[in-house]
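Take a look at the structure set out below.
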Amino acid sequence: MPIGYEQNPTLLDFLTVVANAPADQRQHFTDLTGFPFDPDGVAIGNFTVPGPKWVIRLHDGFPLAVGGFVPQRPGVFRDFFISTEEAFTKENYLAVTRICRRIMDSVLASGAHRLECFVPASRIANRPELEKWYRLLGYNKEALHHGYCANGADGLCYARVKH
């Protein structure tokens, strides 16, 4: 089924996607923040953060993913991305990847000079295909941050910079 995206997702979009987030994304949140994954809290928290946000949805209206970029300092944004399992099925993977890349391009064209992504190192170890996906998005692995996560585990930083 064809996929599209739009800015300014609704709270219902966030609630729907977060309620259907896969286990590894739930653990990602807990590892980074130190808080248990509470779907309502995660949905509302990400819906209300400053910065541009998008929803990727099937043309029947079902939201596959929500995400955005939170300002860190002038020109620097940190990403967040929450998806359903359906976002990365064989039928949807390529379209979702292209949309994410297009969104990143638009943020860089709108004044950002750096986009960054932090992920628990254990998530990459358990799902090495994520590193390939980050490369397809244009992210470069920058550093291993020892003890970065709230639970004391290591984290990885990926970034894409405007040239």
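Residues of region 73-92 include none that is surrounded by fewer than 17 Cβ atoms within 10 Å (Cβ to Cβ), of a type outside the set (Gly, Ala, Ser) and touching a Gly at 6+ places or on another chain (Cβ under 8 Å).
Conditions tested, residue by residue: (1) hydrophobic (A, V, I, L, M, F, W, C); (2) touching a residue at least 60 places away in the same chain (Cβ under 8 Å).
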| residue | (1), (2) |
| --- | --- |
| 12 | yes, no |
| 37 | yes, no |
| 57 | no, no |
| 74 | no, no |
| 82 | yes, yes |
| 89 | no, no |
| 97 | no, no |
| 100 | yes, no |
| 111 | no, no |
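Evaluated against (1) assigned to a strand (DSSP E or B); (2) free of Cβ contacts under 8 Å to residues at least 40 places away in the same chain, residue 119 falls short on exactly one condition, (2). When residues of region 135-163 are filtered for being in contact with a Lys or Arg (Cβ under 9 Å, 6 or more places away or on another chain), surrounded by fewer than 19 Cβ atoms within 10 Å (Cβ to Cβ) and over 23 Å from residue 74 (Cβ atoms), how many remain? Qualifying residue count, region 135-163: 3.
Give the number of residues within region 20-41 that are outside any loop (DSSP other than H, G, I, E, B) and surrounded by 13 or more Cβ atoms within 10 Å (Cβ to Cβ).
12
A quick yes/no check of all residues on (1) in contact with a strand residue (DSSP E or B) (Cβ under 7 Å, 6 or more places away or on another chain); (2) hydrophobic (A, V, I, L, M, F, W, C):
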{"position": "44", "(1), (2)": "no, yes"}
{"position": "47", "(1), (2)": "no, yes"}
{"position": "60", "(1), (2)": "no, no"}
{"position": "79", "(1), (2)": "yes, no"}
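Throughout, read-outs are computed from the coordinates displayed, never taken from laboratory work. Given the structure is predicted, the values throughout are model-derived calculations rather than measurements. Glycine also receives a Cβ, built like all others from the backbone with ideal geometry; neighbour counts cover every protein chain displayed.
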